[in-house]
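Bear in mind that the values in this text are calculations on the coordinates, not laboratory data. Not measured: the values here are computed from a predicted model. So basically every Cβ, Gly included, is an ideal-geometry build from the backbone, and we count neighbours across all protein chains shown.
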Amino acid sequence: MSGERVERRLAAILAADVAGYSRLMGEDEEGTLAALRAVRRELADPKIAEHRGRIVKTTGDGLLVEFASVVDAVRCAVEMQREMITRNAAIPPQHRIEFRMGINLGDIIIEDGDIFGDGVNIAARLEALAEPGGICLSAAAYEQVRDRLDLAFDDLGEQQVKNITRPVRVYRIPITLTLPTPSARAPSLSRIAGEGEPRRASDAVGEGKQGLPLPDKPSLAVLPFQNLTGDAEQEYFVDGMVEEITTAIARLPWLFVIARNSAFTYKGKPVAVKQVAQELGVRYVLEGSVRKAGNRVRITGQLIDTTTGAHIWADRFDGALDDIFDLQDQVASSVAGAIEPKLRRSEIERASRKPTANLTAYDLYLRALAQSYRYTDQGLAEAVVLARRALAIDPSYAPAAALVGRCRGLQRVRRWGALSDEDIGEACRLARQALEAERDDAETIGLAAWTLFFLAGEAAMAAAALDRALALNPNAAHAWLYRGAIHALRNEPEAAIEATERARRLSPFDPYSFFYARNIAAAHLAARRFEQAIQWADHALHEQPRLVAAMRVKVAALAHLRRFDEARAELDRLLAIDPKQTIAGFREYALHMAPEVLELHVAGLRLAGLPEE
């Protein structure tokens, strides 16, 4: 053995890396490196210095940092992760830089400025266990901060990690934008708030407080937003904003929303979102903050699934204080419209994990919805089967009835399967049944309206139903989408574009985003703006390359511009997907179109060489 003395010391080690780094680099190498450098320069390095940390080394996507105090390490990690939520709010999820962090307290070996040993290895393994945007602690680190920091901790139990012989007990810190107040330092307050102690699903929610069971539909509480303007007189604006958001979301009848008065009992308290969820009996929590600079404000919000701690949605909204009420309305509308598809997607994923023996009509409907989003022959056929199973359990379940019509309409668009008169009749019958049974759900009413317009040509009934849907919920993105489609096909292009743009703003990451672009393409074609029609058709085809309806618009627009070679090439692609397309078949299919719009399509398709029969 060497007689050299090895330098050792006890230290808090923070290991961090970027989740999905290889994917980000593969998609945009230069952009990813520039974004990561900006995060290091503007956030990570200053925060580490502020909390007296030492950066030991960096890798392409990671950091290894040493702290003399676990408290400093955890404070630094939490502040960085909270700030990253705000920074990422306006960035599409697939392009976000999200750190995973692990913190351990252990003995380390120091050599030439680098650090080694199990203390470092465990921190690295904890980082690998953390979710994107999350922090995991070892038991040793947890014991140092449990009574010193007003944070919530989830006990994940013992975990077996790579190259560590013994299991490691792991604790997770749920990261939210709900910051503790400076006065909330006393251990007694932490205990009342349910913080400072690790919590399991079976634990009591707080002293003397009993957790409420989840209702039988998706449930949400909108917590009071933080007033970070530095102006106490702006409290009325912040509270009014939350009240407007709560009212807008409460218009979604498939969602159980906690009343504003109950949610506001948490105002000014250092609470953990999981505890709030248990006390109020909700699965989802929406929280946020308001900042002010001069006459402008920035509202940041995030939606959390409290059962997993996952951040489902985050965004920010900027505006001027010139008209406070108008700004409140805009933000409330945007938030309600944006989170609706995110909540539906989360519920679909939850239903997909549920044992098949325990499926309810609602679960089957969600599974049917997921299949319809695949937009394939098999997916739409399976969606119809699942929706029928839901109706067998509950014949009056209007969302499932309306979804059958939506799927039949899409099958007709793509000519998937040989739809019989009985299939079309069933779809229209179920659509009328949904309209009669459903009084409050704008999504269901919109689906039924589109079905009756597209399969039965009942334009007046569809328009009246959509008016009703949007009166119930002005933030119903799909109702605006269907209204835009009808306007485009009825030769009302400007109204079509206005309605569809409203839908796109309300649901910017919609699974059916290609239909939004197709609507606008069809509207420009009806207005004889052929170049714009081609551009929007290309947008739709970028999202859904086999969207025949967008191909038809593009073929017709190219032909009307006398760009016949391009039109024929696009027609060849269309016929490779649907070789049975003919002028006569299109006329039969397009009974819902205004005559002048139909003839505009037909003339272009004929010029491009589509066969008559």
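Remarks
- Each helix, a run of at least 4 DSSP H residues, gives -39500 (n - 2.57); summed and divided by the residues of the chain, these come to -16500 deg cm²/dmol at 222 nm.
- In degrees, nearest ten, helix 421-437 long axis to first principal axis of the chain (Cα): 60
- A Förster radius of 30 Å combined with the Cβ-Cβ distance from Tyr589 to Glu436 puts the calculated FRET efficiency at roughly 0.60.
- Selection from Tyr365, His601, Ala590, by position along the positive dipole direction of the chain (Cβ): Tyr365
- Gain on full stretching of the segment that runs from Thr165 to Ala603 - 0.36 nm per residue minus C-alpha separation: 150.2 nm
- Alpha-carbon Debye profile of region 221-318, log10 I(q)/I(0) at 0.14, 0.16, 0.19, 0.20 Å⁻¹: -0.51, -0.67, -0.93, -1.03
- Extension gain, Asp565 back to Glu596 (0.36 nm per residue minus Cα-Cα distance, nm): 8.6 nm
- In the chain, the longest principal axis of the Cα atoms and the axis of helix 324-352 are about 90 degrees apart.
- Taking other Cβ atoms within 10 Å as a rough exposure proxy, Glu83, Glu287, Glu98, Glu42 sort from fewest to most as Glu42, Glu83, Glu98, Glu287.
- Estimated FRET transfer efficiency when R0 is 35 angstrom, pair Glu494-Asp377 (beta carbons, to 0.05): 0.50
- Put in order of Cβ neighbour count within 10 Å, fewest first, the listed residues Ser138, Ser262 become Ser262, Ser138.
- In the chain, taking the dipole from charged Cβ atoms about the Cα centre, the farthest positive-side position among Leu430, Ala293, Leu137 is held by Leu430.
- On Cα atoms only, tilt of 70-88 relative to the major axis of the chain in degrees: 20
- Among the listed pairs Lys57/Lys342; Lys47/Lys292; Lys162/Lys342; Lys47/Lys274, those beyond 32 Å (Cα-Cα): Lys57/Lys342; Lys162/Lys342
- In this label model, Glu349 and Glu543 are separated by 2.0 nm, measuring between points 7 Å along each Cα→Cβ vector.
- Unit charges on C-beta of K, R, D, E only; dipole of the chain, Debye: 640
- Cα-projected label distance for Ser22 with Lys580, points at 7 Å along beta-carbon direction, nm: 4.4
- Full extension of the chain segment joining Thr308 with Ala320 gains 0.7 nm, where the gain is 0.36 nm per residue of separation less the Cα-Cα distance.
- Treating each Cα of the chain as an identical point scatterer and summing with the Debye formula, the log10 of I(q)/I(0) at q = 0.05, 0.07, 0.11, 0.12 Å⁻¹ comes to -0.28, -0.53, -1.11, -1.23.
- Exposure proxy for Glu596, Glu347, Glu501: other Cβ atoms within 10 Å of each Cβ, ordered fewest to most, give Glu596, Glu501, Glu347.
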